[in-house]
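Just so it is clear, none of the values below were taken in a lab; they were calculated from the coordinates. Everything numeric here is computed off the predicted structure, so don't read it as measured data. Cβ coordinates were reconstructed from backbone atoms using ideal geometry, including for glycine residues, and neighbour counts include every protein chain displayed.
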Amino acid sequence: MMARNFSAVVTHRLAELYSKLLPIPCFLCGEFSQQEALCKACIEDLPWLEQCCQRCALPLNENGICGQCLIQPPPQHASLALFRYETPINHCIAAFKFHQQLVFTQLFARLMAEKLQQQDNALPEVLIPVPLHPSRLRRRGYNQSAQLADILARQLNLKVDKTSLIRQRNTVPQIGMSGKERKRNVKRAFTLCKKLPYKQVALIDDVYTTGHTVAEACRCLQQNGVETVEVWTIARAIRHY
Ligand SMILES: [Zn+2]
Ligand SMILES: [Zn+2]
């Protein structure tokens, strides 16, 4: 485990260094023009999430609260997502998640920091990435949300806590599951291994799908003294069931 984590850290550092020194091809169009994962034109063409529900980031015709959140508010106080989870951002996130495309981490962190700075809202005290179960972390070698949280915390000058919130149950991958199955799958998935000194937290995850995973993590934090939790994700999936 140590060796794998070490190699993930080294790969991460190398990717960081590499991206600072050399132009890299845009992941989507191949153009060698910049030092980021995507070129400017491809970034502009991404499915940016504009007006949305302030609680769950569901796309809406104007900023507000969606019908679902009015009926049954989620535990998080607010949600922020950069994109709608559509092509091609789904391919970019898959690369970010499974193929160590760490240049994406820097791009997503930069875009998220810019969006937060535009919003002018008070920032939380700490960023907490949604943890992977230790066995999944071992297999993958890194937690993409933790890497994103690290870089974002540096850019926003915030603390990051990657150790207090832990995944106590190894949930099965949720692809293809119904909403109900996902809810059952993540129930009591999280616990805290130590008391948190924070009142305002932002949870960092890659994709907001049904929201059950982040809701479970939110509840765990709120049962342990955290007052407000925001959920920051790269993309918001739209439910079709
Ligand atoms: Zn491009
Ligand atoms: Zn909503």
message: Which of 159, 115 has the fewest other C-beta atoms within 10 Å, and how do the rest follow up to the most?
response: 159, 115
- request: Please work out the Cα center distance from segment 103-162 to segment 35-52, rounded to the nearest Å.
  value: 18
message: Can you list which of the DSSP-assigned H helices in the chain have a Cα extent of 24 Å or more along the long axis and an average Kyte-Doolittle score of at least -1.0?
response: 2-21, 103-119
field: Residues 233, 87 arranged by fewest to most Cβ contacts within 10 Å
entry: 87, 233
Footprinting exposure proxy for 232, 48 (fewest neighbouring C-beta atoms within 10 Å first): 48, 232
query: Just the Cα atoms of the chain, one point each, no solvent: what log10 I(q)/I(0) does Debye give at q = 0.11, 0.13, 0.16 Å⁻¹?
result: -0.56, -0.80, -1.26
message: Can you show me the helix-derived [θ] at 222 nm for the chain, built from DSSP H runs with n ≥ 4 at -39,500 (n - 2.57) apiece and divided by the number of residues, rounded to the nearest 500.
response: -12000 deg cm²/dmol
